[in-house]
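Reviewing the structure listed below.
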Amino acid sequence: MKKNKELCVATGIFGLLVSPFLWPFFIAVLFQSLSLAGPIILAWWIIQQPWKTKEEKGEETHNQKQCSENKDAAKQNPKAEDANAPSENGKEQAAEPVRTKPKESEKKMPDEGDCLAVSWYQNEGRERFLQMKSRLDLEGIREFSISREGICSVRRGEQFQRIAVLRGYPGEKILAAKAELKQDGFSIRPGRKYVWVSWNKGGIRYAL
């Protein structure tokens, strides 16, 4: 008994002395074991998918069964699948784009300059034109010219006299407001250097 006790005491003392040197070895063995077992546990966890509920798993199995049944049915009845497939002529017709005739509004898109000219006449030009018309009617004059800079003139004998200057005049684009001018009783016609505005029956006598 004494020998056994002495042997146990000696073994315990030896273990206490050697254990600090053996701990790194045990830790290395434990780390190696975990590194080998970790991927296996992760793969098993992904396959099992414990986060999914029983209902979701049941739906997946049901969908898999339906897919396998559909494949089996397609193998047994290949003619039915061919009947449901679209014909080659149908594919060609679907590939060709449908050609539609462009609308008139798409063909004739209004120019931005034309729109500005019409807007200028409606907002400012109409009033100025009517003022000049009323003033020239007293003198028996029925037309006046407008230069590209907006200078309005009337012919007196062999010379022209300036009567007004139009601010913001759109130049030759004023022809886009021909319809609005006609509604106000004016007729307009371009010349070489000027635009002539007339309101007499005979129209324009001068075209420079």
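The values are calculated or read from the model by the stated rules, or taken from the named source; none is laboratory data. In this text the structure is predicted, and so the values were computed from the model without any measurement. Ideal geometry is used to build each Cβ from the backbone, glycine not excepted, and the neighbour counts take in all protein chains shown.
Here are the numbers:
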| quantity | calculated |
| --- | --- |
| Condition check for residue 30: modelled with pLDDT of 80 or more and surrounded by 10 or more Cβ atoms within 10 Å (Cβ to Cβ) | yes |
| Any hit, the range 155-175, residues being assigned to a helix (DSSP H, G or I), in contact with a Lys or Arg (Cβ under 9 Å, 6 or more places away or on another chain) and surrounded by 15 or more Cβ atoms within 10 Å (Cβ to Cβ) | yes |
| Of residues in the range 111-131 being surrounded by 19 or more Cβ atoms within 10 Å (Cβ to Cβ) and among the aliphatic types (A, V, I, L, M), the one modelled with the lowest pLDDT | 117 |
| Scope the range 142-154; condition touching a residue at least 40 places away in the same chain (Cβ under 8 Å) and not in a strand (DSSP E or B); matching residues | 142, 148 |
